[in-house]
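**Q** Handing you this structure, nothing more for now.
Rule-based calculations on the coordinates, nothing more; no lab input. The structure presented is a predicted model; accordingly, all values stated were derived computationally and were not measured. Glycine gets a Cβ as well: all are built from the backbone with ideal geometry, and neighbour counts include every protein chain shown.
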Amino acid sequence: MDFTLSPEAEEMRLRIKAFVDTHIIPLEADRSNYDEHENIAEEPLGPLKAMAKKEGIWSLSLPVEDGGLGFSVVDIAPCYEEMNRSIFGPVCFNASAPDDGNMRILSQVARPDQKDKWLRPIANGDVRSSFIMTEPMPGAGSDPSVMRTTAVKHGDKWIVHGTKWFITGAAVAKHFILLARTSDDARRGLTAFMFHADQPGWRITRRIPIMGPEEHGGHCELEFDGLEIPDEDRLMAVGEGLKLTQIRLGTARLTHCMRWLGLSRRAMEIARDYVVQRVSFGETLASHEGVQWMLGDVAMAIEVGRLLTMRAARRLDEGDFARKEVSMAKIQVADTLHQAVDTAIQLNGARGYSKDTVLEWIYRYARQARLVDGASEVHKMVLARNYLNEGNDFWSWR
Ligand SMILES: Cc1cc2nc3c(=O)[nH]c(=O)nc-3n(C[C@H](O)[C@H](O)[C@H](O)COP(=O)(O)OP(=O)(O)OC[C@H]3O[C@@H](n4cnc5c(N)ncnc54)[C@H](O)[C@@H]3O)c2cc1C
């Protein structure tokens, strides 16, 4: 198995690294560039996005005909990792969640006229988007089959009623992908739709306060009270909502892993800078064996996460859903992010607990990694089910 990066991916990775080091990390160091939810404020973000676009570091994962660079999943992995060495990186390159996953799914399943209407403005960076699936109890969470939000057909329109929550970016999004129940069929009961923020019949009931810093537009609870969606804005066939979700989530979960590996590396960078300088008991911290074991553990975990991510990326590029591979990468890298930032805080001593570095920001952010896009336990359930079905073939070399 050859993990050598393609020349295009390596060239792009180096350009992204230079951009992040030169333009984003210095800006991140100045708290006046943060908005009230601890993300990059819109004022500094606008010029950075324009610069990234002008330099051609924009929408890497979209096909060229849809306004991107046509990179494979394998090729975006090192690039996304490099972007997220800054907490503000991905959004500057139109590579942050949920826009990134929404663009990819629209590129994969939308009709040409739907792409013009819904995808192009996101790919251009003119609007933001949200993906609406999760519901409060007793609706859909880990298990989408218990979804309660309904879309009922009246003539050539669908009328939506229900409640959703934790919808990332909803307060600023203009384009929404919505999953709703259209029948009681166990496998084909859900359908996906597009709607625009300006359409009547829905509202944000609250922006849910969370423990970590927020994506632009927060995580919102939404109420649907008669939203009308023309049938032409349905995505895929009636009953194919679950299928759309499976197509979207495979790559979306893996791009989280790519970004979290970048954040893990950044935490290590901050730890390394400190331990090679700080002296305790006659030697630098880096000279103490106990410190070396901590650093060694994280260094290895990042490499393990990267290998699992690259293997899953290859399977996705081959057209497979890569459920096992993506689940393994997601569990591993979510844990690695926790381990990396926790270790970095510990090695920075009191400084690690302060706001003088971005470690505390990453620490609070990291907690969502074991929950979003499938809790770790649910991914372990997927692995166990595969193992029980396949036995020793689970580890086949194919
Ligand atoms: C920061 C953030 C952003 C999000 N953004 C979005 C978004 O943009 N759009 C969207 O639709 N949703 C979003 N979500 C929701 C997210 O996808 C769900 O939180 C996730 O799917 C888990 O669902 P749940 O929270 O309802 O957990 P539940 O289903 O209520 O499960 C609770 C816990 O029970 C355990 N559990 C559940 N099932 C099993 C099982 N089968 N076996 C063992 N243990 C189990 C797990 O520990 C799990 O954490 C977001 C969530 C967060 C925290």
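**Q** Can you work out the Karplus-derived ³J(HN,Hα) for every residue in region 192-204? Use 6.51 cos²θ - 1.76 cosθ + 1.60 with θ = phi - 60°, whole Hz, and x for glycine or proline.
**A** Residue by residue, region 192-204 yields 9, 9, 10, 8, 9, 3, 7, 5, x, x, 8, 7, 8 Hz.
**Q** Next question, about the same structure. Can you list the HN-Hα couplings for region 206-219, worked out from phi with the Karplus curve (6.51, -1.76, 1.60; θ = phi - 60°), rounded to whole Hz and with x for Gly and Pro?
**A** Result, ordered by residue: 6, 9, 6, x, 10, 6, x, x, 10, 5, 4, x, x, 10 Hz.
**Q** Taking the highest mean first, how do the peptides 59-68, 293-302, 245-254 order by number of other beta carbon atoms within 10 angstrom per residue?
**A** Details: 59-68: 18.7, 293-302: 16.4, 245-254: 21.4.
Ranked from most to least packed, the peptides come out as 245-254, 59-68, 293-302.
**Q** In whole Å, what is the distance between the alpha-carbon centres of region 284-340 and region 1-53?
**A** That distance is 22 Å.
**Q** Considering amide H positions built from the backbone, and no H for Pro or chain starts, which residues 5 or more places from THR168, or on another chain, come under 5 Å of its amide H?
**A** HN-HN under 5 Å from THR168: PHE131, CYS220.
**Q** Whole-Hz ³J(HN,Hα) for each residue in region 323-333, computed from phi via Karplus 6.51 cos²θ - 1.76 cosθ + 1.60 with θ = phi - 60°, x for glycine and proline: what do you get?
**A** 4, 4, 5, 5, 4, 4, 4, 5, 4, 4, 6
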